[in-house]
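Down below is the structure, laid out as structure tokens.
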Amino acid sequence: MQRTTAEGRGQVRYGPPAPQPGLPVLPELTAVLAAAAWRSAPEPPGGGVPVRAAAARHWGRRGLPTDPDHVAAGPGAPALLLALLGAHGGDVMLPRPCPAWWTPQVRLLGRRAYHVPTPAECGGVPDPYALLETVRRVRAEGGDPRVLLLSVADDPTATVPPPELLLEACEAAASAGLFVVSDETWRDTVHRPARGRLGGPDGADDADGTAGQPGSHDRIVVLSPAEMLPDDTAVLMDLSGALLPAGWPAAVIRFPGTPRGTWLRARTLDVLTATGGLVAGPVAGAAAHALDEPAAVAGRAAAAAALHGAVARAAHRELLAAGALARPPQAGRHLYADLTPLRPGLARQGVGDAMELEDWLGGRLGAPTPGGQRFADEPVAPRVRLSTGPLLGATPEERLAALTATDPLALPHVRDSLARLRSVLAGLSD
């Protein structure tokens, strides 16, 4: 990750990397991609029937019956979101903080992005009362908010909004006349999913061995705004969240099964065609295979989510022990830390804001630790996103050993990574 400079190198080009799995590619997926390597032509705009039908089945297993004709595929979530926002029109409401790549998408289109604080309980969705007040104020000032972009499993905060909060946010969006775009990229990376909600294998033990212990944890239920506002929600999913490597770019989007949804999909395909936003043929085959979730793919996704959850909880304990603040991580490959209580120790190190914390902490941990300013958070607040991938090991062999270990936290290289984090934090709390 590179610091932005004044020579025309904005935060789009040098933004923080997405949280990486840190795990070798599943051999079954490699074989599928290799078998389709003869395909020299890309998919048609919006994707061919096999990948769209597989996406429809994927959503159907999650309680969202879907017609393949209401699905579009593209080369990654950024390409699809840019096409959708370009087709829809209007300014965009976003939670604060939000994924680093959302705001640039809006601004590249010449639209305004308005950030709304999230509730104390979670990230990913705006506080419903703050959303209504912000929309009222923006419209009074001549703005044109028409879209609410949210997430049901959030990067950067690694949290899942409780169903009642998500419902309240959706009701506020409907009251304000906003079309909802739900980024569900990280939905299938929930660390402790409720049984049967994700479509993968049920009842898998947690990687830290706490499964089945009374009071050891609460299972997380993930709902989609499309279940609450079916006619006014598009669902976006980048397959790099749980199913494919980031180097095989593929994403899908589900449109409402309404005349407006049909029109919006057609306009989105126009943008994808004009910008060349097409999925590579071999990648489309791997994407369709992964979306159908055969046993090996579903098993890897569940095991990876449990592993990252175990390591994230261990890192969370280290943060709390040092006096930092962080919501308990529930999904994804990261956690979001607020080091405000450690300001005296940070001041001794010459760290006064999120940008300086990003450089200082990343240098000592040897891994990117993007500051809150990257996620539209307040730059003066010393907040950072810590990724769990670097804690799994430095080599593919070490990371695979963590995936297959009965207790990954007992592995020497994982213990050493957590000990480094503990040592750096201890230097701030002395």
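DSSP finds beta bridges in the chain, and of those with both partners inside it, around 50 percent are antiparallel.
Ignoring ligands, DNA and RNA, please state the percent of accessible area on the stretch 266-335 from carbon and sulfur, probe 1.4 Å.
Working: 1380 of 2170 Å².
Answer for the stretch 266-335: carbon and sulfur cover 63 percent of the accessible area.
The peptide list 395-404, 36-45, put in order of mean Cβ contacts within 10 Å with the highest first, becomes 395-404, 36-45. The convex hull around the C-alpha trace of the stretch 239-301, projected and averaged over every direction, spans 5.1 square nanometres. Put simply, the Cα atoms of the chain extend 62, 55, 49 Å along their principal axes, the longest span coming first.
Run the numbers on the stretch 295-430 and let me know its relative contact order in percent, using alpha-carbon pairs under 8 Å that are six or more apart. Write down the numbers at each step before the final one.
Details: 198 pairs, mean separation 35.5, N = 136.
Computed value for the stretch 295-430: 26 percent relative contact order.
Listed values for the stretch 87-94 are Karplus-derived 3J(HN,Hα) couplings in whole Hz (6.51 cos²θ - 1.76 cosθ + 1.60, θ = phi - 60°), namely 6, 6, x, x, 6, 10, 9, 9, and x replaces Gly and Pro.
Divide by every residue of the chain the summed helix terms, -39500 (n - 2.57) for each DSSP H run of at least 4, and state the resulting mean residue ellipticity at 222 nm, rounded to the nearest 500 deg cm²/dmol.
Details: 14 runs with 171 residues, N = 430.
Taking each H run of at least 4 residues, the total per residue is -12500 deg cm²/dmol.
Within the stretch 65-126, the ratio Rg/Rh, alpha carbon atoms throughout and Rh by Kirkwood, equals 1.03. With coordinates expressed along the principal axes, the C-alpha atoms belonging to the stretch 358-403 extend over 39, 18, 11 Å, beginning with the largest.
Report, in debye and to the nearest 20, how large the dipole of the chain comes out about its Cα centre when Lys and Arg carry +1 and Asp and Glu carry -1 on their Cβ. Walk me through the intermediate numbers first.
Values: 40 positive and 44 negative charges, 109 e Å.
Here the chain has a charge dipole of around 520 debye.
Mean sequence separation of contacting Cα pairs (under 8 Å, at least six apart), scaled by the length of the stretch 385-430, corresponds to a relative contact order of 32 percent. Percent of Cα pairs in the stretch 76-196 per distance bin of 5 Å, from zero to the largest separation: 2, 12, 23, 24, 20, 12, 5, 2, 0, 0. So, how do all the Cα-to-Cα distances of the stretch 282-419 break down into 10 Å bins, in percent, from 0 on up? In whole percents, the pair-distance histogram is 12, 36, 30, 17, 5, 0.
Projecting the Cα atoms of P21, L109, V160 onto the dipole axis of the chain, where Lys and Arg carry +1 and Asp and Glu carry -1 at the beta carbon, places L109 farthest toward the positive end.
For the stretch 40-82, how big is Rg over Rh, using alpha carbon atoms and the Kirkwood form of Rh? Don't skip to the answer; put the middle values down first.
On the way: Rg = 11.0 Å, Rh = 11.0 Å.
Over the Cα atoms of the stretch 40-82, Rg/Rh equals 1.00.
Taking all protein chains as shown and a probe of 1.4 angstrom, Y114 keeps an accessible surface of around 50 Å². The alpha carbon convex hull volume per residue for the stretch 271-332 rounds to 140 Å³.
Look at the dipole of the chain built from charges on Cβ: of A337, A284, A310, the Cα furthest out on the positive end belongs to A284. Peptide packing for 105-113, 289-297, 246-254 was compared via the average number of neighbouring C-beta atoms within 10 Å per residue; ordered from the highest value, the list is 246-254, 289-297, 105-113.
The C-alpha atoms of the stretch 316-397 occupy a region whose extents along the principal axes are 39, 26, 25 Å, arranged from largest to smallest.
The values are calculated or read from the model by the stated rules, or taken from the named source; none is laboratory data. Since this is a predicted model, take the numbers as computed values, not measurements. Heads up, the Cβs are rebuilt from the backbone with ideal geometry, glycines too, and the neighbour counts pull from every protein chain shown. Calculation scope for accessible area: heavy atoms of the full protein, side chains included, ligands and nucleic acids excluded. Shrake-Rupley method; radii C 1.70, N 1.55, O 1.52, S 1.80 Å.
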